[in-house]
């Protein structure tokens, strides 16, 4: 028996492209805009969301027949908040340096609409294993966009990747800068993220016409 | 077995159980990890203070590397020879003054109460460093740091940190190219105490002019930069009685 059936594989692969949470469902945009000025922050945020979403989806799925529908949103919020606090505390105790980088995102994870969206749309109606795959898949879909945007913004805005200069030294005028290249300061401010995400959405829909919504 | 999950009584019982379970889980974890977290915070303060007086493991021009946590305690005890508090214009020695929460003390002053402001004196390579902590507001949340000066009120080093400034913009106050700019500036030009301003377009991006009490701002982080200016100005004001007493004329 294969580990993943075809349907299960689609749970992971669909959110990567044709049902991407950011570019197609346009969820989780707030964090995609706020933290993608640097590649490192994008990666850290992606890993955190992966963790919270994978476990959160399983927890909600296990509780799905017990959760009273009237207070289900609050229950979802408690699960997310509890997971985020656990991650934060464990990091503070055992990976203090990393926790300082992460603390900015704690609030952002709690408010990330992709997580709530998947709890609501998937985990409440499906078993734990499939919910886990769905959570992981959507987190990867989110990560792909975040990392692409982070890569472009850091490269064009600061000339670095993960903080390491890759285009030469802008002050000493070496590398590309010797030919008159300048960093584009616009790329590191939040509106640039909106434009980059917009361009990604454009490219994706131009490639696959079936994704274009009817006007 | 099927439960009617729509009943009000069930909803309330579920909510109570959920809160109790999650609450105790989090409380248990917090108390279990508390001592470890406290220790990390203590080491961090020691690392930051040492960093401000130029004691670090920086290997190149751009990275910030602290003394590792395994050694920081003994190095801190060796180099920091005095920990004091400034209270109502008087300076008194106090052990472990570095653990004082500056935010609380500043709030006391705002309320008009008597506060104990911590300060440190350290020696490294026959150079005396007078280190004052700083606390202020950035764009989103708190910013803080330490500043080390010598007897001539020339800044020997600074360390800035922040709680939640924007990554890539305001968060860059803790990067070398920003912090290093402060070294060599004077907080008392012409005998008059003042801060260091973070300004845009002062035609000195490499900060070669050390007499202007200005450093070049970070692009896209105006409010965080202004926060840093205000924080330094406030701290110099708070610690002026102490700074005055050590200044050589």
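Since every read-out is calculated from the coordinates, none of them should be taken as a lab result. This structure is a prediction, so every number in the text was calculated from the model and none was measured. A quick note on method: Cβ atoms are made from the backbone with ideal geometry, for glycine too, and the neighbour counts reach across all protein chains shown.
Here the label points at residue A:179 and residue B:126, each 7 Å from Cα along the C-beta direction, are separated by 5.2 nm in the simple model.
Go ahead and collect, in residue order, the members of the stretch A:173-203 whose backbone nitrogen is under 19 Å from a label point 7 Å along the Cα-Cβ direction of residue B:206. Zone members listed by number: A:173-183. Note on the stretch A:101-215: Cα convex hull, mean projected area over all directions, 10.8 nm². Residue by residue along B:160-166, Cβ atoms of other protein chains within 10 Å of the local Cβ number 3 on average. Full extension of the chain between residue B:91 and residue B:244 gives 53.9 nm of extra length, using 0.36 nm per residue less the Cα-Cα distance. In chain B, helices alone account for a calculated mean residue ellipticity at 222 nm of -12500 deg cm²/dmol, with every DSSP H run of four or more residues adding -39,500 (n - 2.57). DSSP beta bridges in the stretch B:42-246, what fraction antiparallel, as a percent rounded to 5? Just about 90 percent of them are antiparallel.
DSSP finds beta bridges in the protein assembly as shown, and of those with both partners inside it, around 90 percent are antiparallel. Angle, helix A:96-110 long axis vs. longest principal axis of chain A, Cα atoms, 0 to 90°, nearest 10? Its long axis makes an angle of about 60 degrees.
The mean sequence distance of close C-alpha pairs (under 8 Å, at least 6 residues apart), as a share of the length of the stretch B:42-246, puts its relative contact order at 17 percent. The angle separating the long axis of helix B:69-79 from the principal Cα axis of greatest extent in chain B is about 40 degrees.
The mean count of C-beta atoms from other chains within 10 Å of the C-beta of residues in A:64-71, rounded to a whole number, is 5. Cα-based radius of gyration for the stretch A:21-153, normalised by 2.2 N^0.38 Å, reads 1.02. Normalised radius of gyration (Cα atoms, divided by 2.2 N^0.38 Å) for the protein assembly as shown: 1.14.
Sorting A:126-132, A:48-54, A:196-202, B:20-26 by average packing, meaning the other beta carbons within 10 Å per residue, from highest down gives A:48-54, A:126-132, A:196-202, B:20-26.
The shape of the stretch B:163-218 comes out prolate: with a ≥ b ≥ c from the C-alpha gyration tensor, a/c is at least 1.5 and a/b beats b/c. Mean partner shielding of peptide B:167-174, defined as the number of other chain Cβ atoms within 10 Å of each residue Cβ, is 6.
For the pair residue B:151 and residue B:7 in one chain, pulling the backbone fully straight at 0.36 nm per residue adds 44.5 nm over the alpha carbon distance.
With the cut-off at 1.5 for a/c, could you classify the stretch B:42-246 from its C-alpha gyration tensor as rounded, prolate or oblate? Rounded, since a/c falls under 1.5.
Distance from the C-alpha centroid of the stretch B:210-246 to that of the stretch A:88-152: 38 Å, rounded to the whole angstrom. Relative to the dominant Cα principal axis of chain B, helix B:8-52 is inclined by about 20°. Per residue, chain A reaches -21000 deg cm²/dmol at 222 nm when only DSSP H runs of four or more residues are counted, each adding -39500 (n - 2.57). The stretch B:51-87 and the stretch B:124-176 have Cα centres separated by 13 Å. Projected onto its three principal axes, the C-alpha set of the stretch B:1-91 covers 69, 42, 22 Å, listed from the longest axis down.
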